[in-house]
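Derivation of every value follows stated rules applied to the coordinates shown; laboratory data play no part. Since we're looking at a predicted model, the values are computed, not measured. Ideal geometry is used to build each Cβ from the backbone, glycine not excepted, and the neighbour counts take in all protein chains shown.
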Amino acid sequence: MKTAKARKGHSEAIRPMQARPARAFPWPLLMLLVTVFQLLTFAPVLLRDEAQDLGLLLALLCYIPGEWLFLLLLRAITKQRRCELEVLGLWLSGIGLAVCGSFSPEFAWKQAAAVGGGLLVYAALLWMTADPGRAMKLRPAVAVAAGALLAANLALGTVVGGQRNWITLGGFSIQPSELVKLAFVFVGAATLDRLQRTQSITRYLIFAMACVAALFYMRDFGAALIFFLTFLLIAFLRSGDLRAIALVCAAALMAAALVLLFSDYVTNRFSVYRHVWEDPHGMGYQQTRVLIYSSSGGLFGLGLGNGRLRGVFAASTDLVFGLVCEELGMVVAFLVPLCYVVFAAHTLRGAKQARSSFYAIASVSAAGLLLIQASLNIFGITDLLPLTGVTLPFLSRGGTSMLCSWGLLAFMKGGWAPSAAGQPLRAAASPPVRSPASGSRGRS
């Protein structure tokens, strides 16, 4: 009897622990607080004389009922109880919409359309990743589409701010590298889910090298750095494997070679780093204005439309965080980066309950990419890091940036989808647990 009990206790001790499903947060209460904040934020924009424009009125007044409808439909269709990530994404997108509306009605309706497109991308990616088998089948097509986008950018791209990373078609401009970020995460997760296949690893390495090399050729150093750091993160998610370590080493050598190749450009581009006050009216103009004006907003800001930073170039795109500090105050400015940290922490917790490594890799790498990009933007404009010119997810004005932000949120949500829907949690490709006694006898 003692031997049987001892064996039972031993088997229970070595049994892998399952993460307990987290209790769902009352998202309607959180969404109600977000709605109150948005009403207070939209009011100054709507009360201005320029607010008589019909497009601005529709963009701001229809946004609040539209986001409630989106959440209710999402809950009804997917049967998910957790909506915290979506609420935070809508809050950040609402701030970006209010900032755009404070500039011009045209900016407002374009940004509202971008948010709508982002929600469609979110829904499409949720469907694509709902079935891991479907994701594996779509992986080659997604990789080819990403390569075609970068090739089109190289052939048809226009130079803006020294970077050849925009394509203008019919009056609309798109930034292909933002869309390729989604393909980068998707292909990486689908490939490394079956890490044992050397052929798949080689193909993904070639894909990653091609993406980063194309971005360096376009002189989009910020995007290239994001891709490289995300690649390191994806590779380290399979740490402990010699092939994964080889991937990291190969990527590091590739990045070093490309930096040396474009050393003159990189040196000139970042020569102002930590020296912005030496040339406040030249190369350091943007960053010195961000540092001066953002601190003048106090805790609660000067109000939308009342700041001086809006007169500086790229105030609604690359410098939008400084504008939030000045016009909405330090309290809101503190909550914005906190949201990105919550995304990452929430995703790490959800990855423990993912049905397979595909969901875990996709969600964690997407959260890492979002956090890396937000850090490069916020620390770059404040001169804590070199200014790379990347956008701030969900807040910066721009359609492709918004599509990418909501697409990354869909990957992050994928890690929580199984537990939220009440499905059993299973670890894919996890080896069977054997007791030490059975190891001496061979396979049972």
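Among 317, 129, the order by Cβ neighbours within 10 angstrom, fewest to most, reads 317, 129. Electrostatic bookkeeping for residue 347 treats Lys and Arg as +1 and Asp and Glu as -1; over the other residues with beta carbon under 13 Å from its beta carbon, the sum is +3. At what distance in angstrom do the alpha carbon centres of the stretch 299-342 and the stretch 64-79 lie from each other? What the calculation gives is 28 Å, centre to centre.
Packing around the peptides 106-113, 335-342, 87-94, taken as the average count of other Cβ atoms within 10 Å per residue, puts them in this order, highest first: 87-94, 106-113, 335-342. Ordering 177, 295 from the fewest to the most neighbouring beta carbons within 10 Å gives 295, 177. Just to confirm a number: summing +1 for Lys and Arg and -1 for Asp and Glu over residues other than residue 177 whose beta-carbon lies under 11 angstrom from that of residue 177, what do you get? Neighbourhood net charge equals 0.
Full extension of the chain segment joining residue 137 with residue 250 gains 38.0 nm, where the gain is 0.36 nm per residue of separation less the Cα-Cα distance. Taking Cβ atoms as reference points and 12 Å as the exclusive limit, the residues near residue 91 contribute a net charge of -3, counting Lys and Arg as +1 and Asp and Glu as -1. Neighbour counts of other Cβ atoms within 10 Å put 304, 232, 154 in the fewest-to-most order 154, 232, 304.
Along its first, second and third principal axes, ordered by size, the stretch 68-144 spans 45, 35, 15 Å in Cα coordinates. Cross-link check: pairs 137/352; 79/110; 110/352 evaluated at a Cα-Cα cut-off of 27 Å; pairs beyond the cut-off: 79/110; 110/352.
Summarising the label geometry, the points placed 7 Å from Cα in the beta-carbon direction at residue 169 and residue 30 lie 3.6 nm from one another.
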